[in-house]
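To start, the structure under review is shown below, and the notes come after it.
A short reminder: the numbers here are calculations on the coordinates, not readings from a lab. It should be emphasised that the depicted structure is a prediction, and the values quoted were computed from it without experimental measurement. Cβ: placed from backbone, ideal geometry, glycine included. Neighbour counts: every protein chain shown.
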Amino acid sequence: MTDELADLIRALEDDRPALGDDVIDAGIRAGRQSRQRRRRRTSVVAAAVSAAAAIGVASWIAQPNAPVPAPVPTPDPASELGDIVEMSDAGEPLLSCGDRNGWPASVMADGRPGLLTDAEARRTFQGMLDDPRISTDVPFRDSGDVEWRVLDGDAHRLTLGLGRWTERGPEGDDANYLLLEREGGRWEAVGWGDCQLAPVTRDWQAWAQIERRDAAPGSTSVTMRVSDCYGRDLGPILQEPVVEERPDAVVVYWTVSAVDGPTADVGCTRTPSVDRTVRLDAPLGDRPLLDGSSYPPAPIGRTGATD
């Protein structure tokens, strides 16, 4: 018997006057028998749950007319989305413009404070405009008229959102992202461009291409046509999808194994696809079916084709 279980039994003995001999004895016996039946070592929490359940059972035995005690609830498992997407400490999916560093949607409107001063930002913007190598490609014309916020970063590297951003991401033609790296005492631009927001996958998984689907509003199954962007055989690399059934939409997150070697440098190409069926807990109804590989999730085209 472990020290934790012994302590719990001693606590039960201390409560004998309040609960009664029959209740306590039955609880102790149930706790010991439960312990003996276990083959694996349990934690202090598990032992406490077993003892608490034993007290409930013993109380019901001593009072046969009392209602049957409710079972101790099992904690919910970790979100399935967290198995394939990097999550923040607060449980939000991390997003990025293609980099492996990500940020939650909640920071996109106002940014993260304390990492870059406005003076540093304006000096960096002006330096980009003054550099003849890149000045014609810079996504702004006036360093003093740039709306910016820090999306992610540290003392050595920053990702900025330029132009108008909301919790849904960049909005408008002037919305871009800018990567900065610390060089000595100043920040230098190392990359920028349009931002196609997507959740950051775990373990370098790639997003599968959900090309089309077949579904009837009253059906609880949806047929998807899925392909890999890099021309690989889907058999060994296609992962199980994560399906979020929301009241107003059904979002499908589907990944394939990580891309490595020369394939990683090849642009996305159309490849042979496979049909896969996704089961829903409730009929699809009029809820849109969305692809979670972008943010916000984008509609998957409706089609009845089965070829």
Exercise. Applying the Karplus parametrisation 6.51 cos²θ - 1.76 cosθ + 1.60 with θ = phi - 60° to the phi angles of region 276-281, what ³J(HN,Hα) value in whole Hz is obtained for each residue in order, glycine and proline being reported as x?
Worked result: 9, 9, 10, 8, 10, 6
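I want the local charge near A206. Using Cβ-Cβ distances under 11 Å, sum +1 for each Lys or Arg and -1 for each Asp or Glu among the other residues.
Numbers: positive: R232; negative: D203, D228, D260.
Taking every other residue near A206 into account, the sum is -2.
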Problem set entry | Contour minus Cα-Cα distance for D118 and R157 (0.36 nm per residue) | 12.4 nm
For this session: Figure the gain on full extension for E240 and E167 (residue separation times 0.36 nm, minus the Cα-Cα span) and round it to one decimal in nm.
Result: 23.4 nm
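Count charges around G127 for me, please; just the other residues with Cβ under 12 Å from its Cβ, Lys/Arg as +1, Asp/Glu as -1. Don't jump to the answer; show the numbers that get you there.
Details: positive: R122, R123, R133, R186; negative: E120, D130, D131, E183, E188.
Residues near G127 contribute -1 overall.
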